[in-house]
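Notes follow once the structure below has been shown.
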Amino acid sequence: MITNSKQTSGKLAEDFTLRYLETRGLRPICRNWSCRSGELDLVMLDGDTVVFVEVRYRRHAAWGGALESVDLRKQQKLIKAAQLFLLKESRWAKHPCRFDVVAISSNEDGAQPSWIRNAFDS
């Protein structure tokens with residue numbers, strides 16, 4: 001998963017995460033949904049629950065790991081984006097929702113995902 005471009009490595013991390021979650025029964029609703037408050041990497045369905053998935057990839061943990069990078073400020077941006085998503089995509093508004101984080105680290109064995117369900121509350 002090591003690449004030269006941050007954008008390319010981010011797309012590869014999202015591709016990897018999408019496949020990983022699909023093998024665990026989640027179904028994609030949309031990807032890279034953008035609004036004025038930011039972007040939702042993946043929006044998926046787990047049963048009847050709408051899952052907003054933040055994908056984090058860090059090649060090195062020197063500046064903090066992938067999980068630590070989803071700080072309070074980032075959480076607030078994701079919550080705001082999710083609220084706007086539910087307003088614009090109203091067919092999902094009555095479904096239960098949750099926020100998951102998938103942190104991907106690389107090592108000699110390849111990419112290792114760490115899936116945190118319900119990583120934070122809104």
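Kindly indicate the residue of segment 79-121 that is assigned to a loop (DSSP other than H, G, I, E, B) and more than 15 Å from the chain's Cα centre (by Cα) and also nearest to C30 (Cα to Cα) among those meeting that condition.
Here is the first cut: in segment 79-121, the ones assigned to a loop (DSSP other than H, G, I, E, B) are 89, 93-96, 108-109, 121.
Pick out the ones that are also more than 15 Å from the chain's Cα centre (by Cα) and you get 89, 93-96, 108-109.
Details: E89: 11, A93: 15, K94: 17, H95: 16, P96: 17, E108: 32, D109: 30 Å.
Once the filter is applied, the top-ranked residue is E89.
Given the condition closer than 14 Å to P113 by Cα, at pLDDT 95 or above and not hydroxyl-bearing (S, T, Y), answer yes or no: does some residue in segment 39-48 qualify? No, that holds for no residue. Only a single item in (1) part of a loop (DSSP other than H, G, I, E, B); (2) at pLDDT below 95 is not met by R73, and it is number (1). Residue count for segment 65-116, restricted to those that are surrounded by 13 or more Cβ atoms within 10 Å (Cβ to Cβ), closer than 23 Å to L12 by Cα and not aliphatic (A, V, I, L, M): 12. Pairing residues of segment 71-91 that are over 16 Å from R56 (Cβ atoms) with residues that are part of a helix (DSSP H, G or I), at Cβ distances under 7 Å and at least 6 apart in sequence or on separate chains, gives L86/W92.
The values are calculated or read from the model by the stated rules, or taken from the named source; none is laboratory data. Here the structure is a predicted model, which is why all the values come from computation and not from measurement. Every residue, glycine as well, gets a Cβ built from its backbone with ideal geometry; the counts of neighbours run over all protein chains shown.
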